[in-house]
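The structure appears right after this line, and notes come after that.
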Amino acid sequence: MILVLAGTKDGRDLVNLLINYDYEVMASVFSDYGRELIDLGVPVHTGPLDSNGFTTLIHTNKITMIVDASHPYAVNVSENAMKACQATTIAYVRYERPSAALPNYDGLHIVHDYAEAAQVAGSLGKTIFLTTGSRHLKIFKNSTFLHKHRLIARVLPEPGVLTECLELGFTPRDIVAIQGPFSHELNVALFEEYHAEVIVTKNSGEIGGSDTKITAAMELHLPLVVIDRPIIQYNNVVYDVTEVIKFIREVY
């Protein structure tokens, strides 16, 4: 049984690909919403896992390999999966989606973490449009550099996410609950509608819609703060789905 960490579109695509190659597959996702997106007739584990949780899942379901297609910024997921693979001596391979090409743009500001993003964004404008997901909104809300700013949060339309936003102090008028990725035109329209002065995003690659956020910000001449990808020492990493299949054939 191959366990695919499949909380992203490319992860779901990998599940489907492995099914087509007649591999026995199980998927792992973070949320109920992620589970609903996997409609491929495979067993699915829902919820976060620490290294011990991964180890238990491996033993219970006789997992012989993990294909890690989790989000590029899901550091804990990857590190916990690698620890569990080492503890159980099963194979691990990371599928890393390509980054979006960053343009030569005067308004581009590359930072290394969310706290730095809050500080830089606060110096560039008063209305900050956050397209970084929901899990680190607290950092922006608690930043001393943003206390006098208006923060717009674009998040998934999940009840738990919306509750979290409200508990953090976001008002309904500052929550954009919509499923991406988004076209260039829709990004432009949303940035204009909310009178955004600064855009904050991550480099999630084209499949995550980073390219159209970048081009929209550039068209509107808006400062763009990009949180760079975390540096993780993966045990094995590939950048193309064909390389995933090659790796599986070599070790499975």
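Segment 12-27 and segment 88-104 have Cα centres spaced 18 Å apart.
For the chain, lysine pairs with C-alpha atoms less than 30 angstrom apart, excluding pairs fewer than eight positions apart on the same chain, total 26. Ile66 sits among other residues whose Cβ lies under 15 Å from its own Cβ, and their net charge, with Lys and Arg +1 and Asp and Glu -1, is -2. Along its first, second and third principal axes, ordered by size, segment 1-99 spans 30, 30, 25 Å in Cα coordinates. Considering only Ala74, Ile178, Gly11, the residue lying farthest towards the positive end of the dipole of the chain is Ala74, judged by Cα position with unit charges set on Cβ. Helix 210-219 axis versus longest C-alpha principal axis of the chain: approximately 20°, rounded to the nearest ten. Put simply, when 231-239, 144-152 are sorted by average Cβ atoms within 10 angstrom per residue, most first, you get 144-152, 231-239.
Taking other residues whose beta carbon is less than 10 angstrom from the beta carbon of Phe182, and scoring Lys, Arg as +1 and Asp, Glu as -1, yields +1. Per residue, the chain reaches -11000 deg cm²/dmol at 222 nm when only DSSP H runs of four or more residues are counted, each adding -39500 (n - 2.57). When only alpha carbons are used to place a centre, segment 184-252 and segment 108-148 end up 17 Å from one another. Here are some values of Rg/Rh (Cα atoms, Kirkwood Rh): [x] 0.99; [y] 1.03; [z] 0.94. Which one was computed from this structure? This structure yields the entry labelled [x]. Axis angle, to the nearest 10 degrees, between helix 75-88 and the longest C-alpha principal axis of the chain: 10 degrees. When peptides 98-105, 5-12 are ranked by their average number of other Cβ atoms within 10 Å per residue, the highest-first order is 5-12, 98-105. Each of the peptides 244-252, 48-56 was scored by the mean count of other Cβ atoms within 10 Å over its residues; in descending order, highest first, they stand as 48-56, 244-252. Summing charges over neighbours of Thr131, with a neighbour being any other residue whose Cβ is under 12 Å away from its Cβ, gives +3 when K and R count +1 and D and E count -1. Normalised by the number of residues in the chain, the average gap of Cα pairs under 8 Å and 6 or more apart makes the relative contact order 21 percent.
Every number here is computed from the coordinates shown, using simple stated rules; none is lab data. What you are looking at is a predicted structure, and each value in this text was computed from that prediction instead of being measured. Reconstructed Cβ throughout: ideal geometry from the backbone, glycine too, with neighbour counts over all protein chains shown.
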